[in-house]
Amino acid sequence: MNMVKKRVCGLTSDEIFDLIRPDGFTISHAVSVANNVYKKHRSDISLFEKIPKMLKVMLSTAAVSGIFFPKNEIVSEDKSVKYLFSSESGKEFETVYIPEGRRHTVCVSTQSGCRMGCAFCATGQYGFKGNLTSAEIVNQIIAIPQADKVTHVVFMGMGEPMDNLENVLKACKIITAEWGLALSPRNVTVSTVGILPGIEEFLKASDCNMTFSLFSPFTDERVKGVPMEKIYPFQKILDLMKQFNVRKGRRLSVAYMMTQNVNDTDSHLRELISIVKGSSIRVNLIPYHPHFRWQNFSSSKERMQYFKHNLVISGISASIRKSRGSDIAAACGLLATGSPIR
Ligand code: SF4
């Protein structure tokens, strides 16, 4: 009978310890195994270093590293790279590497597709093919050629993280643990369109940053762009974010995708200011990236600057996110595994 080999990627150090303990190995051996996978990105167990020979023999029989490489890639003019992964079970999902000076960000997917159906998002129109495991999420960071450089991780690729919370929380744990990728939780941001119970659990269970996609500060408009508004109104999400005792350095923010004549009027600005003012929530203004299913245009740079200026003089911390990778359909809202990458 063929024994199914355990995959090390996706396991915590305690779970690796459970695997090797019956053969007399210790927790520090488990940490060395985790380091080989998460810090050194070694996909072949025979190349693992700083572990006893007997452990290597035992592991080679019982396990595989679990690292699998992208199926395809496409490079943007701005040096962002979009990768296409295909899991053993056939799920396809995309990952974007974004270099910016000393900052090297990986934008990971949490699902293949998405079931939230946001009008402005290509992923939403692609449909839902399945949740990614914690291993498949972490693999997107350690299996790309730039893995050694990564300083930041954002959960802003395909999928709604709060719709796959268990795997997202485990991935955050592996990414921030000393025995794992050892990134600071301050450098990890999880994005959501607003699933209230998931957000509550996430804020309690993780120290990572969170950003909430608002789209419009008016309920009747938001419901047209983000169907989840019908179930979890944005006011309740903002109330929860405001009540939450934010530890030093942790960022809770609102992402506001700006679309010309849709959500960038003065009344939108006034309302945006009024719902965020007086809290520690930051506002991140994002240009809209048009795709064929939602025929609108991004607000102009001047309009975005105007919003930023007015937010800042109202005492709200605000920034404008640069557009990256739009020529390869790698920018926000464009991931749908149907772009030139194939
Ligand atoms: S914006 Fe996010 S939650 Fe909405 S459809 Fe796109 S991927 Fe899903």
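Readers should treat all values here as calculations from the given coordinates under stated rules, not as data from a laboratory. Just so it is clear, the model here is predicted, and its values are computed rather than measured. Here the Cβ is made from the backbone with ideal geometry for all residues, glycine too, and neighbour counts use every protein chain on show.
Laid out as a table, the results:
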{"item": "Ordering of 294-303, 232-241 by packing [mean C-beta count within 10 Å, highest first]", "result": "232-241, 294-303"}
{"item": "Contact order relative to length of the chain, as percent, for alpha carbon pairs under 8 angstrom and 6 or more apart", "result": "15"}
{"item": "Gaussian network model of the chain, springs between alpha carbon atoms under 10 Å - residue of Ser89, Ser317, Ser191 with greatest fluctuation", "result": "Ser89"}
{"item": "Net charge of Cβ neighbours under 11 Å - reference Lys91; Lys, Arg +1; Asp, Glu -1", "result": "-2"}
{"item": "Region 6-64, Rg to Rh (Cα coordinates; Rh as Kirkwood inverse mean 1/r)", "result": "0.89"}
{"item": "Exposure proxy ranking, count of Cβ atoms within 10 Å, fewest first, for Val106, Val188", "result": "Val188, Val106"}
{"item": "Restraint check, Lys71/Lys301; Lys82/Lys224; Lys6/Lys129; Lys39/Lys242, Cα-Cα greater than 31 Å", "result": "Lys71/Lys301; Lys39/Lys242"}
{"item": "Positive dipole terminus of the chain, leading residue within Leu132, Ile51, Ser299 (C-beta point charges)", "result": "Ile51"}
{"item": "Peptides 94-104, 279-289 ordered by average Cβ neighbours within 10 Å, highest first", "result": "279-289, 94-104"}
{"item": "³J(HN,Hα), Karplus 6.51/-1.76/1.60, whole Hz, each residue of region 179-184, x for Gly, Pro", "result": "6, x, 7, 6, 7, 5"}
{"item": "Debye log10 I(q)/I(0) at q = 0.14, 0.21, 0.23 Å⁻¹ for region 126-242, Cα point scatterers", "result": "-0.61, -1.18, -1.33"}
{"item": "Cβ-based exposure ranking for Asp23, Asp78, in which fewest neighbours within 10 Å come first", "result": "Asp23, Asp78"}
{"item": "Candidate lysines for bridging to Lys248, where Cα separation is under 16 Å - those fewer than 8 sequence places away on the same chain excluded", "result": "Lys204"}
{"item": "Alpha-carbon Rg/Rh ratio, for region 278-328, with Rh computed the Kirkwood way", "result": "1.06"}
{"item": "Only Lys, Arg (+1) and Asp, Glu (-1) charged, at Cβ; the chain dipole about Cα centre in debye", "result": "600"}
{"item": "Beta bridges per DSSP with both ends in the chain, % antiparallel, nearest 5", "result": "45"}
{"item": "The chain - Debye-derived log10 I(q)/I(0), Cα point model, q = 0.07, 0.12 Å⁻¹", "result": "-0.30, -0.84"}
{"item": "Separation of alpha-carbon centers, region 140-158 and region 279-301, rounded to whole Å", "result": "23"}
{"item": "Semi-axis lengths, Å, region 1-108, gyration tensor of Cα atoms, sqrt of 5 times eigenvalues", "result": "31, 17, 11"}
{"item": "Compactness relative to 2.2 N^0.38 Å, alpha carbon Rg of region 187-335", "result": "1.01"}
